[in-house]
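Just below is one structure, and these are the notes that go with it.
The values are calculated or read from the model by the stated rules, or taken from the named source; none is laboratory data. Model, not experiment: these values are computed from the prediction. Neighbour counts run over all protein chains shown; Cβ positions are idealised from the backbone, glycine included.
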Amino acid sequence: MMKIKMSREVDLGKEPIGKLLLILALPSITSQVVNALYNMVDRMYIGHIDTIGSTALTGVGVCFPIIMIVSAFAYLLGMGGAPRASIYMGKRKNEEAEKILGNCFSSLLIVAILLTAVVLIFKEPLLYLFGASEQTLPYAVQYIEIYAIGTVFVQLTLGMNAFISAQGFSTISMLTVVIGAITNIILDPILIFVLNMGVQGAALATILSQAVSAVWAIRFLCGRQTILRLKKENLHIQKKVLLPCIALGVSPFAMQSTESILVLCFNSSLLYYGGDLAVGAMTILSSIMQFAMLPLQGLTQGGQPIISYNYGANNPARIKKAFFLQTVVCFSYTTLIWLAVMFVPNLFVAIFTNDPELTQISVWALRIYMAGILLMGFQTSCQQTFIAFGNSKISAFLAIYRKILVLIPLIYILPHLLDDQVFAIFLAEPIADTIAVATTVTMFSISFKKLLKTMRKEA
């Protein structure tokens, strides 16, 4: 395995915050962007298949909620365990951190087996639930059957890569997804067009790519370069080790899994008021939103080891500096995305379709749907910092609050208040974003001040 010194040499407790955030966040952002390409590249190619492109794209789109649920379980264990491992590393208790790594690995394998069985058995009812029609169901089934078989690779790639990032090995973490994404980009056109496998080819390319990434991540965590190593003696699941990880992982799990509920609500309402065309537009919009939000996740994942480590080391000054720098960068990024979506939405839509009708509805809907992304830099930075502190309850509440308590009711209420029902459904997103950001920033400000005050007293 190639030796990459940069990741090993970072000192989370001493090096300048700006330098650390740059070293850790850039590879993490790259990882998140590249990771998004797994599904986006599939959709880009599928949307341009002759004669069936628009229908097949919509069919694959209704698979997205199931894919999000699969990913959510990886976040439950990976993003739940990784911050706890970082905190223990800050306390110089690496053996405890290794127990967390081993327990999460075993749990991911068990979860993968169960999820594969559930998806394969209940695929058609689930796809109908998430907005499939008689026309789009065949393409959805073709995709999800093959994707389900590769669930174990998805779980291990996402879950284990979080532990690589948590140690400061940001370059290795980036390569985990870059290697997989390049494999996917190469295989997609070959399997879809050259071998004429269509939608099935896209799904096969994705799971083969995830398999390559999983092998890379596991090989590293079993090797000599890693600080925390996968060991046989730590694979036995212990409640006292695993349950706190699950508790902390509830927030990222909720954030990810509730996306599937949202897609269900959006797709069912759009199918009722706007038909397959509106559902197809939602597939494009959700793809663009996913791509836009993932760099924020990457940035805060880069900040997480810094904040968690210094929290464990009781260094409030470095925590404060890291958080404020992280927030400024997050807001700057969302401002740029907002400007791009408002002024050149057609550039984003053209990536996924050349169908005139689908393009028309997607362009105007995108401006409405993503109007609130300007403020999401604050939301993401605050919410992820709660996780870095190990504060699972507040973070989980905020995740559920925005989507379940605010957004979903708006999806069903607004069409009854506005004449243009399809417009009303898309409008629910920015209204919910604004309300959620105001709530999150208020709660975080109060909690952050109390935490820093307590740490200064203990110092």
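Quick one: in the stretch 387-431, which of the residues that are of a type in the set (Asp, Glu) and surrounded by fewer than 21 Cβ atoms within 10 Å (Cβ to Cβ) is farthest from residue 259 (Cα to Cα)? Walk me through how you get there before you give the answer.
Of all residues in the stretch 387-431, those of a type in the set (Asp, Glu) come to 419-420, 429.
Imposing the further condition that a residue be surrounded by fewer than 21 Cβ atoms within 10 Å (Cβ to Cβ) reduces the set to 419-420.
Working: 419: 27, 420: 24 Å.
Among those residues, the one meeting the criterion is 419.
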Among the residues of the stretch 333-356, which ones are surrounded by fewer than 21 Cβ atoms within 10 Å (Cβ to Cβ), of a type in the set (A, V, I, L, M) and part of a helix (DSSP H, G or I)? 336, 339, 340, 342, 347
Find all pairs meeting these conditions: Cβ atoms under 7 angstrom apart; at least six residues apart or on different chains; first residue within the stretch 206-224 and within 18 Å of residue 165 (Cβ to Cβ); second residue in a helix (DSSP H, G or I) and polar (S, T, N, Q). 210/157; 213/157; 213/176; 214/157; 216/176; 217/157; 217/161; 217/176
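Test residue 443 against the stated conditions and say whether it is closer than 30 Å to residue 310 by Cα, among the hydrophobic types (A, V, I, L, M, F, W, C), more than 30 Å from the chain's Cα centre (by Cα) and modelled with pLDDT under 95.
Working: closer than 30 Å to residue 310 by Cα: yes; among the hydrophobic types (A, V, I, L, M, F, W, C): yes; more than 30 Å from the chain's Cα centre (by Cα): no; modelled with pLDDT under 95: yes.
Considered against the rule, which asks whether it is closer than 30 Å to residue 310 by Cα, among the hydrophobic types (A, V, I, L, M, F, W, C), more than 30 Å from the chain's Cα centre (by Cα) and modelled with pLDDT under 95, residue 443 comes out as no.
Return the residues of the stretch 418-427 that are touching a residue at least 24 places away in the same chain (Cβ under 8 Å) and either assigned to a loop (DSSP other than H, G, I, E, B) or not β-branched (Val, Ile, Thr) (or both); say none if nothing qualifies. Give the steps one after another, and end with the answer.
To start, the set of residues in the stretch 418-427 that are touching a residue at least 24 places away in the same chain (Cβ under 8 Å) comprises 421-423, 425-427.
Across the stretch 418-427, the qualifying residues are 421, 423, 426, 427.
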Please tell me if residue 307 is over 28 Å from residue 260 (Cα atoms) and in a helix (DSSP H, G or I). yes
If you scan the stretch 332-357, which residues turn out to be touching a residue at least 24 places away in the same chain (Cβ under 8 Å) and farther than 19 Å from residue 429 by Cβ? 332, 351, 353, 354, 355, 357
Step by step: first the residues of the stretch 305-335, then only those that are on the phi < 0 side of the Ramachandran plot and polar (S, T, N, Q), then the one that is nearest to the chain's Cα centre (by Cα). Which residue is that? 334
List every residue pair whose Cβ atoms sit under 8 Å apart, with the two residues 6 or more apart in sequence or on different chains, where the first one lies in the stretch 95-109 and is polar (S, T, N, Q) and the second, anywhere, is in a helix (DSSP H, G or I). 103/81; 103/234; 103/241; 103/242; 103/245; 107/77; 107/242
Within the stretch 436-456, the residues that are of a type outside the set (A, V, I, L, M, F, W, C) and farther than 16 Å from residue 400 by Cα are 442, 445, 447, 449, 450, 453, 454, 456
Within the stretch 197-228, residues being more than 25 Å from the chain's Cα centre (by Cα) and more than 30 Å from residue 64 (Cβ to Cβ) number 5
Being of a type in the set (S, T, N, Q), in a loop (DSSP other than H, G, I, E, B) and surrounded by 15 or more Cβ atoms within 10 Å (Cβ to Cβ) is the filter here; which residues of the stretch 205-241 pass it? 225, 226
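For (1) within 16 Å of the chain's Cα centre (by Cα); (2) outside any helix (DSSP H, G or I); (3) at pLDDT 80 or above; (4) more than 19 Å from residue 185 (Cβ to Cβ), each residue gets a yes or a no:
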| residue | (1), (2), (3), (4) |
| --- | --- |
| 28 | yes, no, no, yes |
| 34 | yes, no, no, no |
| 45 | no, no, no, no |
| 58 | no, no, no, yes |
| 65 | yes, no, yes, yes |
| 69 | yes, no, yes, yes |
| 74 | yes, no, yes, yes |
| 77 | yes, no, yes, yes |
| 85 | no, no, yes, yes |
Test for residue 258: is it closer than 25 Å to residue 82 by Cβ and either at pLDDT below 80 or not in a helix (DSSP H, G or I) (or both): yes
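Quickly run through the stretch 316-342 and pick out the residues that are farther than 24 Å from residue 455 by Cβ and aromatic (Phe, Trp, Tyr). Before the answer, list the steps.
Step one: list which residues in the stretch 316-342 are farther than 24 Å from residue 455 by Cβ, which gives 331-342.
Within the stretch 316-342, 331, 333, 338 meet the criteria.
Is there a residue being touching a residue at least 40 places away in the same chain (Cβ under 8 Å), out of contact with any Lys or Arg (no Cβ under 9 Å at 6 or more places or on another chain), under 24 Å from residue 110 (Cβ atoms) and of a type outside the set (A, V, I, L, M) anywhere in the stretch 257-265? Spell out the reasoning first.
At the first step, the residues of the stretch 257-265 found to be touching a residue at least 40 places away in the same chain (Cβ under 8 Å) are 257-265.
Subsequent filtering for residues that are out of contact with any Lys or Arg (no Cβ under 9 Å at 6 or more places or on another chain) retains 257, 260, 263-265.
Next cut, under 24 Å from residue 110 (Cβ atoms) only: 257, 260.
When the remaining residues are screened for being of a type outside the set (A, V, I, L, M), the result is 257, 260.
Yes, the conditions are met somewhere in the stretch 257-265.
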Is there any pair with a first residue in the stretch 428-443 that is over 26 Å from residue 282 (Cβ atoms) and a second that is in a helix (DSSP H, G or I) and among the hydroxyl-bearing types (Ser, Thr, Tyr) whose Cβ atoms are under 9 Å apart and which are 6 or more apart or on different chains, and what are they? none
For the stretch 373-388, state whether one or more residues are aromatic (Phe, Trp, Tyr) and under 16 Å from residue 278 (Cβ atoms). no
